[in-house]
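This report refers to the structure that appears directly beneath it.
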Amino acid sequence: SGENMKRALDIDDKEIMRESLFPSANKRNHWVSVPSYSKRSVEEVATVLFDHLDGVSDAGLDAKDSELGWKEFAVLCKAAGCDVVKTRILWNQTDRDLSGSLDRSEFFQFCARQDIFHTVAKMAVEVVNKSLEEKKRRMAADEIFDYLDKNKDNMLSWDEFQPLCKGAGCSAQQALEGWNAADADESGELDRSEFRRFATADSCWGVMKRLHGELQYIKLRQVSEVSDTIFNHLRGKFSVDRSGLFNEDELTFDQFAKLCKTAGATTEEKAKDIFSLTDQDGSGTISKREFAIFCARRDVWPVMEKIHAHLRKVQEQKDKEFRDRNSKKKAEMKEKLFATTSTKKD
């Protein structure tokens with residue numbers, strides 16, 4: 001149970017945190033390959049594609065009340081290689097109530113068709129993987145932004161932007177062109193959204209990815225003590241995964257999920273999403289370096305510091321108890337020795 005897990009971790013969630021560590025993590029699964037046909041996989045595929053076509057996750061719309069029109073459905077069919085005639089036939093078969101739009105139930109039934117599922121499942125995998133890549137780019141852009149924003153006003157000035165250009169090896173002219181391209185509203189400053197668009201664009205991403213890697217190295221040195229302590233604690237407490245294998249140098253999903261649950265990621269789907277973002281090499285496990293990068297995230301670090309402080313406090317208490325027990329044993333031994341010596345004299 002959750003309570004047993006918290007006790008095993010030696011972490012008191014009331015003492016450490018009162019709000020979710022991962023408020024923005026979405027609930028979608030990350031598929032490496034096309035899922036096999038099942039009711040659950042149909043539901044997941046249909047949900048991913050419906051939200052993607054309708055823009056629910058991006059626009060913050062009410063997912064329950066959303067519907068797909070002909071235009072959105074046609075986009076899906078065109079991507080699947082259907083011509084207009086075939087698309088119209090599929091639409092008429094799917095719009096069962098003849099309302100002129102598709103609700104989630106109708107779209108679910110469409111995706112559940114045996115002749116349709118494999119195609120839409122492949123498309124859903126592409127959508128999810130693309131979404132994951134976009135998240136990684138946004139996270140990297142945010143970390144670079146926070147590093148450059150020296151006065152912490154959530155804006156970048158020209159002076160704060162220039163070190164980025166220097167690190168990228170840009171000439172003065174290239175730096176100015178980059179600034180003008182990023183400053184879309186010509187305000188003379190870059191807000192976070194402007195910098196995100198600039199840094200995550202395909203034309204810039206290669207350089208930004210390299211600079212982000214260098215920034216991660218700097219952060220790794222700063223967070224290593226905290227991340228190593230928590231990593232070793234998790235590995236020591238939960239060294240056996242579901243397969244029964246001992247994993248000495250990596251964290252399995254089961255081990256990582258326990259930390260996520262304690263930190264506020266209350267569902268397995270959220271934990272999977274966070275795990276996928278953290279497992280940068282796609283190995284299925286998390287190395288110490290990957291865990292340190294995770295701990296260095298601006299939305300994660302404050303909570304990790306609290307967990308580290310609590311673990312240190314617990315360890316100090318254990319050390320004190322150990323010293324007290326040893327002192328007590330030594331005192332008892334001295335007392336027995338004194339009593340034995342006195343008896344011999346008598």
Can you name the condition, by its number, that ILE89 falls short on among (1) among the hydrophobic types (A, V, I, L, M, F, W, C); (2) under 23 Å from TYR37 (Cβ atoms); (3) surrounded by 17 or more Cβ atoms within 10 Å (Cβ to Cβ)? (3)
If you go through the range 268-287 one residue at a time, do you hit one that is among the hydroxyl-bearing types (Ser, Thr, Tyr), in a helix (DSSP H, G or I) and touching a Phe, Trp or Tyr at 6+ places or on another chain (Cβ under 9 Å)? yes
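Quick check: anything in the range 311-331 farther than 26 Å from VAL223 by Cα, among the aromatic types (Phe, Trp, Tyr) and either at pLDDT 85 or above or not assigned by the TED database to the domain that holds SER224 (or both)?
Filtering the range 311-331 for residues farther than 26 Å from VAL223 by Cα gives 320-331.
This time we only want the ones that are among the aromatic types (Phe, Trp, Tyr), so: 322.
Imposing the further condition that a residue be either at pLDDT 85 or above or not assigned by the TED database to the domain that holds SER224 (or both) reduces the set to 322.
Looking through the range 311-331, at least one residue is farther than 26 Å from VAL223 by Cα, among the aromatic types (Phe, Trp, Tyr) and either at pLDDT 85 or above or not assigned by the TED database to the domain that holds SER224 (or both).
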List pairs: first residue in the range 283-298 and over 17 Å from LYS258 (Cβ atoms), second residue of a type in the set (Lys, Arg) anywhere in the structure, Cβ distance under 8 angstrom, at least six positions apart or on different chains. ALA292/LYS219; ILE293/LYS219; ALA296/LYS219
Those residues of the range 199-220 which are among the aromatic types (Phe, Trp, Tyr) and either open to solvent by less than 30 Å² (accessible area, probe 1.4 Å) or farther than 11 Å from ARG138 by Cα (or both), in sequence order: TYR217
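The values are calculated or read from the model by the stated rules, or taken from the named source; none is laboratory data. Quantities reported herein were computed from a predicted structural model and do not represent experimental measurements. Cβ coordinates were reconstructed from backbone atoms using ideal geometry, including for glycine residues, and neighbour counts include every protein chain displayed. Please note that ligands, DNA and RNA were not included when accessible areas were found on the heavy atoms of the full protein model with its side chains. Shrake-Rupley method; radii C 1.70, N 1.55, O 1.52, S 1.80 Å.
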